[in-house]
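Got a structure for you, questions after.
The values are calculated or read from the model by the stated rules, or taken from the named source; none is laboratory data. Note that this is a predicted model, so its numbers are computed, not measured. Because the Cβ atoms are built from the backbone with ideal geometry, glycine has one as well, and the counts that use them run over all protein chains shown.
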Amino acid sequence: MIKKVAILTNGGDAPGLNAVIRAIVKVAERNNVECYGFIEGYKGLLENNYVKLDSNTNAAGLLHRGGTIIGASNSTNVFNLPVKEADGQVVYKDLSDNCVENLRNLGIDCLFTLGGDGTQKSARDLSLKGVHVIGVPKTIDNDVAHTDVTFGFNTAVEVATDALDRLHTTAASHHRIMVLEVMGRYAGWIALESAIAGGADVCLIPEIPYDMDKVIDKIKERQDMGKGFSIVVVSEGAKPLNGDIVVKRKLNDGQGVDNIRLGGIGDIVAKEIEERTGIATRNTTLGYVQRGGSPIPYDRVLSTKFGSKAMELALNGTFNVLVTYNNGKLSYATLEDVVGRNKKIGAASGSTAETNIRKVTPDDENLKVARSIGICFGD
């Protein structure tokens, strides 16, 4: 019988975080369970910085609100944290036991971790120390293993699609080629689905290294058909054949977190297209507007489902799992399965060779559909 639960929201913000919090709190209260929120993700857990959540006060009116009322951190790996010593030297320490102690002192029976692959990797590592954890898959990138969809993704796709709709009018009016760079890190889901929804002609994703000759052929094919403009969607992690991803900058947030910030491939693609075709080509980098603002109705419903299911699992004593949504049904997968090959405690996730993130596969239905209607992937 659980009496107290806690929530943390970690990693980048995503539309729907507050809706998940709201659902967990509502179900908890209906079952006489107290609910707390750690401020700024694992950072708050480490610093024992928390607030009691109440659906009548601080957890009210959350369904439509973007962001997260309890903040988030994407640079705190409590298993491998940079700490400055008295002499100024920076050393890495495993401070996860402090987190475990904080949870025990507060009497937390279950910790809900709302986040992507990195967040759930740390959740799995905490579970090995005896913490009861339930993960909820959050990321606009849609790359968490073992679930068809993550909350926040569909809102990001709608934002990208709206941008493509607007770029279409400019492209057609000026007979230009318009490039749109979207987020997604190492997975091309946002690019793929927005390309279909937004009527793009070319879509470049991380999973399929592109041959610029093929891209140029597609644009010239449209020109020969009397279509004086083209729309190109580029995922930030896309790369050319025998090339590499474009790194905007490298951070120093410590070991065990993704210190690479992608960005810039859209400008490179636009420049090369213009040089090779002679057609005016412009790039728009959509950036953080994809992850901000209110969630669309789909994500409000999905987030509520995830939050409700997470609390249901806790009440039933099912711990150390990730809530999943597959084939239209809620279920769960073990955190061990979500982590996959990345078993090392405190190890980085996402860009490592051991990553288990969900990527676009050659047999994906959306990819097949996109190819069937003539979208070029540069291969």
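So for the stretch 51-61 (the condition being over 26 Å from ILE296 (Cα atoms) and either in contact with a Ser or Thr (Cβ under 9 Å, 6 or more places away or on another chain) or outside any loop (DSSP other than H, G, I, E, B) (or both)), does at least one residue qualify? If you could, list the steps in order and put the result at the bottom.
Quick first cut of the stretch 51-61, residues over 26 Å from ILE296 (Cα atoms) only: 51-52.
Next, from what is left, pick out any that are either in contact with a Ser or Thr (Cβ under 9 Å, 6 or more places away or on another chain) or outside any loop (DSSP other than H, G, I, E, B) (or both): 51-52.
Yes, because at least one residue in the stretch 51-61 is over 26 Å from ILE296 (Cα atoms) and either in contact with a Ser or Thr (Cβ under 9 Å, 6 or more places away or on another chain) or outside any loop (DSSP other than H, G, I, E, B) (or both).
If I ask for residues that are among the aliphatic types (A, V, I, L, M) and either part of a loop (DSSP other than H, G, I, E, B) or on the phi > 0 side of the Ramachandran plot (or both), which ones from the stretch 1-47 would you list? Step through it out loud before you land on a result.
Of all residues in the stretch 1-47, those among the aliphatic types (A, V, I, L, M) come to 1-2, 5-8, 14, 17, 19-21, 23-25, 27-28, 33, 39, 45-46.
Correct list: MET1, ILE2, ALA14, VAL33, ILE39.
Scan the stretch 321-351 residue by residue and report those that are polar (S, T, N, Q) and within 29 Å of LYS309 (Cβ to Cβ). Write out each step before concluding.
We begin by selecting, within the stretch 321-351, every residue polar (S, T, N, Q); these are 324, 326-327, 331, 334, 342, 349, 351.
Result: THR324, ASN326, ASN327, SER331, THR334, ASN342, SER349.
Could you check how many residues of the stretch 326-379 are within 20 Å of PRO206 (Cβ to Cβ) and either at pLDDT below 95 or not in a helix (DSSP H, G or I) (or both)? Quick ask: steps written out before the conclusion?
Taking the stretch 326-379 as the starting set, the residues that turn out to be within 20 Å of PRO206 (Cβ to Cβ) are 340-342, 348-371, 375-379.
So of that shortlist, the ones also either at pLDDT below 95 or not in a helix (DSSP H, G or I) (or both) come out as 340-342, 348-364, 375-379.
Counting residues in the stretch 326-379 that are within 20 Å of PRO206 (Cβ to Cβ) and either at pLDDT below 95 or not in a helix (DSSP H, G or I) (or both) gives 25.
Right, another one. Taking the stretch 144-187, which residues are more than 30 Å from VAL338 (Cα to Cα), outside any helix (DSSP H, G or I) and either assigned by TED's automatic domain parsing to the domain that holds ASP117 or in contact with a helix residue (DSSP H, G or I) (Cβ under 8 Å, 6 or more places away or on another chain) (or both)?
Of the residues in the stretch 144-187, the ones more than 30 Å from VAL338 (Cα to Cα) are 162-180.
With outside any helix (DSSP H, G or I) added as a condition, the list becomes 175-180.
ARG176, ILE177, MET178, VAL179, LEU180 - these are the residues of the stretch 144-187 that are more than 30 Å from VAL338 (Cα to Cα), outside any helix (DSSP H, G or I) and either assigned by TED's automatic domain parsing to the domain that holds ASP117 or in contact with a helix residue (DSSP H, G or I) (Cβ under 8 Å, 6 or more places away or on another chain) (or both).
Between THR68, THR76, which is under 16 Å from the mean Cα position of the chain (by Cα), closer than 30 Å to ASN356 by Cα and in contact (Cβ under 8 Å) with a residue 12 or more places away in the chain? Working first, answer last.
Working: THR76 fails: under 16 Å from the mean Cα position of the chain (by Cα).
So the residue among THR68, THR76 that is under 16 Å from the mean Cα position of the chain (by Cα), closer than 30 Å to ASN356 by Cα and in contact (Cβ under 8 Å) with a residue 12 or more places away in the chain is THR68.
Matching residues to (1) crowded, with 19+ Cβ neighbours inside 10 Å; (2) hydrophobic (A, V, I, L, M, F, W, C); (3) at pLDDT below 95; (4) farther than 30 Å from GLU354 by Cβ:
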position	(1), (2), (3), (4)
ASP217	no, no, no, yes
ALA238	yes, yes, no, no
ASP253	no, no, yes, no
ASN259	no, no, yes, no
GLU274	no, no, no, yes
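For VAL131, are the conditions met, namely being of a type in the set (A, V, I, L, M, F, W, C), modelled with pLDDT of 95 or more, surrounded by fewer than 24 Cβ atoms within 10 Å (Cβ to Cβ) and within 11 Å of the chain's Cα centre (by Cα)?
On the way: of a type in the set (A, V, I, L, M, F, W, C): yes; modelled with pLDDT of 95 or more: yes; surrounded by fewer than 24 Cβ atoms within 10 Å (Cβ to Cβ): yes; within 11 Å of the chain's Cα centre (by Cα): no.
Judged against the criteria, VAL131 is not a match.
Looking at (1) in contact with a Phe, Trp or Tyr (Cβ under 9 Å, 6 or more places away or on another chain); (2) surrounded by fewer than 24 Cβ atoms within 10 Å (Cβ to Cβ), which is the only condition GLU40 fails?
With (1) in contact with a Phe, Trp or Tyr (Cβ under 9 Å, 6 or more places away or on another chain); (2) surrounded by fewer than 24 Cβ atoms within 10 Å (Cβ to Cβ) applied to GLU40, the lone miss is (1).
For the stretch 194-215, give me the residue count where each residue is in contact (Cβ under 8 Å) with a residue 60 or more places away in the chain, surrounded by 24 or more Cβ atoms within 10 Å (Cβ to Cβ) and part of a helix (DSSP H, G or I).
Qualifying residue count for the region: 2.
Inside the stretch 93-107, can you point out the residues that are among the small types (Gly, Ala, Ser) and not in a helix (DSSP H, G or I)? Write out each step before concluding.
Of the stretch 93-107, the ones among the small types (Gly, Ala, Ser) are 96, 107.
Once the filter is applied, which keeps residues that are among the small types (Gly, Ala, Ser) and not in a helix (DSSP H, G or I), the stretch 93-107 yields only GLY107.
Which one of these does ASN320 not meet: (1) under 22 Å from ILE108 (Cβ atoms); (2) out of contact with any strand residue (DSSP E or B) (no Cβ under 9 Å at 6 or more places or on another chain); (3) at pLDDT 95 or above?
(2)
Also: Does any residue of the stretch 67-83 turn out to be touching a Pro at 6+ places or on another chain (Cβ under 9 Å) and buried (at least 16 other Cβ atoms within 10 Å of the Cβ)? Full working, then the answer.
Start the filter on the stretch 67-83 by keeping residues that are touching a Pro at 6+ places or on another chain (Cβ under 9 Å), which leaves 67.
Of the ones still in play, those that are also buried (at least 16 other Cβ atoms within 10 Å of the Cβ) are 67.
Checked against the condition, which is being touching a Pro at 6+ places or on another chain (Cβ under 9 Å) and buried (at least 16 other Cβ atoms within 10 Å of the Cβ), the stretch 67-83 yields at least one hit.
On the basis of being at pLDDT 95 or above, outside the structural domain of LYS250 (by TED's automatic domain parsing), closer than 29 Å to ILE140 by Cβ and surrounded by fewer than 18 Cβ atoms within 10 Å (Cβ to Cβ), does VAL51 make the cut? Spell out the reasoning first.
Details: at pLDDT 95 or above: yes; outside the structural domain of LYS250 (by TED's automatic domain parsing): yes; closer than 29 Å to ILE140 by Cβ: yes; surrounded by fewer than 18 Cβ atoms within 10 Å (Cβ to Cβ): yes.
Criteria met by VAL51.
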